[in-house]
Amino acid sequence: MMENGIYKANGEAMETGGDRNGGQSDQGRKVALVVGAQGVIGRNLIDYLKTLDDWEVIGLARRGGESAGNVRYVAVDLLDRDDSREKLSGLTQVTHIFYAAYQDRPTWAELVPPNLAMLANVVETIEEAPPDYGISV
């Protein structure tokens, strides 16, 4: 089981600055992919990151959102693998993934499949882009 921290897609823990360009895109900016951008955690994270000059933010949510400044939104159904691939495959500038998406279900046993599918659809699509990036869990 992963502890809180930053991990590569293969589950290996990353050292600080261990990703490509020290966690920055080729242009010297960090690009955050905030999954679950319209939830409580995602919204607060975006509110914080947009105050920082060296971050660009891409927020993922079923309903999208209103893009402004250094924040843009992508409306995507993360339970749909094809929709995820179509909407996320072009996000080659992502340097960090912050995963805060969550689908509630009536029982613990029912929680696992949809939430695991959403995480897998994001990571499998994004990992085909840049070779190294962080995942904040």
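The values are calculated or read from the model by the stated rules, or taken from the named source; none is laboratory data. Please read all numbers here as calculations on a predicted model, not as lab measurements. Backbone-built Cβ (ideal geometry, glycine too); neighbour counts: all protein chains shown. These accessible areas exclude ligands, DNA and RNA; they are computed on the full protein's heavy atoms, side chains included. Shrake-Rupley method; radii C 1.70, N 1.55, O 1.52, S 1.80 Å.
Computed on protein heavy atoms with a 1.4 Å probe, the accessible areas place Asp83, Asp53, Asp77 in the order Asp53, Asp77, Asp83, largest first. Shown are Thr107, Thr125, Thr51, whose ranking by accessible area with a 1.4 Å probe and every protein chain present, most to least, is Thr51, Thr107, Thr125. If the label point is 7 Å along Cα→Cβ of Asp54, which residues in the range 93-129 have backbone nitrogen under 16 Å from it? Within reach of a label on Asp54, which here means backbone N under 16 Å from a point 7 Å along Cα→Cβ, the range 93-129 contributes 95-96.
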